[in-house]
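The values are calculated or read from the model by the stated rules, or taken from the named source; none is laboratory data. Worth saying up front: this structure is predicted, and the values here are computed from it rather than measured. For neighbour counting, all protein chains shown are included, and Cβ atoms are generated from backbone atoms with ideal geometry for every residue, glycine included.
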Amino acid sequence: MKLGLGLYRHMLTPDYFAFARQAGCTHVVVHLVDYFNEGDSNPRGNQPTGGKNRLWGIAGDPEKQWTLESLKTIRGQIEAAGLRWEAIENLDPAHWHDILLDGPKRPQQIENVKTLIRHMGETGIPVLGYNFSIAGVSGRVKGPWGRGGAVTVGMDGPAEDPIPNGSVWNMIYDPRAEPGFVPTITSDELWDRLSRFLDDVLPEAEKAGVRLAAHPDDPPLPVVRQQPRLVYQPFMYQWLLDLAPSQSNALELCVGTLAEMTEGDIYDAIDRYSKQQKIAYLHLRNVTGKVPNYRETFIDEGDVDMTRVLSILQRNGFEGVVIPDHTPQMTCSAAWHAGMAHTLGYVAGVLATLKTIGQKR
Ligand SMILES: [Mn+2]
């Protein structure tokens, strides 16, 4: 198992890369979407939580794809710091809104995603994490609920207001859209959209040696903002895998999101999917409670026994990357860094212990 760190777009700098190395990481997962772009209430030192209409910010330039040259430049910077680039996390809503919404630009956007996958293969980035979600991460609230009063996020009941036209997955892709709301679709329709997406892009991913890795819906409710969700119970990940059997159809398994789900046993789920070698990489995060009432916590204070999670992964021969998901904000001048360093140190300690125990057996 390898230790990694997820970096937002604005964190792709030598200082953040050095921080990752210093904390013991060998790999990074990179967000190329700037979620914070022109957002009205998103401090950059925390995970984005959303402002007006629960939106994060303005999506990227639809005309500017992520070029091969730009990927190679970022790879060079990561490797210069002694790290490896494991995954791109998330597609830009500007580049795939009509794949999610089944709109007129879908054919062009599918071609663009295929091009990106080819470029990832050429650059040597093995994983593309994605969220096939219309409502995105909606409905969360913030408060001093972590240990020692650390500010963290949670949920106090469902998010039911509709999504304004021109936005999808927490971001605005068309600021000039007609007033109104994104029409509600059925769960079958959403699964059909995912199935068509996988059919269209998986052959390209197989050729490029890239794995697509699906994140479950966070928060995992059947419906959020009047839109259906795909994976909101642990067993539904299996539906997604069985929809398109392929080495390139894999999971970005999020321990925190799984823990928020109302059914199933998180340890069984992690055992089941790691045994199938279907986990591309993992988000590690702890929580207390279940949707629609839960709180994110420090890695060592929630409902999940993280040592048990990591030992199941080790037993099943998982050799991929684990990264902290998000953490509570620690009270100091570098809240993001402190939270990440705490989680990374904790996970590194557990991994070292498991290794020692394994050698003694
Ligand atoms: Mn996650």
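Here His119, His97 are screened, and the one residue that is on the phi < 0 side of the Ramachandran plot, touching a strand residue (DSSP E or B) at 6+ places or on another chain (Cβ under 7 Å), in contact (Cβ under 8 Å) with a residue 12 or more places away in the chain and in a helix (DSSP H, G or I) is His97. Considering Thr331, Thr307, the condition of being part of a helix (DSSP H, G or I), more than 16 Å from the ligand (Cβ to nearest atom) and among the polar types (S, T, N, Q) is satisfied by Thr307 alone.
Only one of the numbered conditions (1) without any contact (Cβ under 8 Å) to a residue 60 or more places away in the chain; (2) of a type in the set (Gly, Ala, Ser); (3) more than 16 Å from the ligand (Cβ to nearest atom) is violated by Ala259, and that is (3).
In summary, Glu319 fulfils each of the numbered conditions (1) in a loop (DSSP other than H, G, I, E, B); (2) touching a His at 6+ places or on another chain (Cβ under 7 Å) with the single exception of condition (2). Pro234 satisfies every condition listed in (1) under 24 Å from Ser138 (Cβ atoms); (2) away from the ligand (no atom under 16 Å from the Cβ) except (2). Each residue in the range 240-259 was checked for being touching a strand residue (DSSP E or B) at 6+ places or on another chain (Cβ under 8 Å) and in a loop (DSSP other than H, G, I, E, B), and 2 of them qualify. For the range 197-221, filtered to residues that are assigned to a loop (DSSP other than H, G, I, E, B) and more than 16 Å from the ligand (Cβ to nearest atom), the residue that is surrounded by the fewest Cβ atoms within 10 Å (Cβ to Cβ) is Gly209. Here Glu86 fulfils each of the conditions (1) surrounded by 20 or more Cβ atoms within 10 Å (Cβ to Cβ); (2) part of a helix (DSSP H, G or I); (3) at pLDDT 95 or above apart from (2).
Across the range 142-165, the qualifying residues are those that are in contact with a helix residue (DSSP H, G or I) (Cβ under 9 Å, 6 or more places away or on another chain) and closer than 30 Å to Pro104 by Cβ, and the one among them that is surrounded by the most Cβ atoms within 10 Å (Cβ to Cβ) is Ile163. With respect to Gly289, determine if the residue is more than 16 Å from the ligand (Cβ to nearest atom), within 30 Å of Pro245 (Cα to Cα), among the small types (Gly, Ala, Ser) and surrounded by fewer than 23 Cβ atoms within 10 Å (Cβ to Cβ). Answer is no for this residue.
For Ala244, the stated conditions do not hold, so it cannot be described as buried (at least 22 other Cβ atoms within 10 Å of the Cβ), at pLDDT 95 or above, of a type in the set (A, V, I, L, M, F, W, C) and farther than 15 Å from Gly154 by Cα. Test Val224 against the stated conditions and say whether it is farther than 22 Å from Gly320 by Cα, among the β-branched types (Val, Ile, Thr) and either surrounded by 15 or more Cβ atoms within 10 Å (Cβ to Cβ) or under 15 Å from the mean Cα position of the chain (by Cα) (or both). Yes: the conditions hold for Val224.
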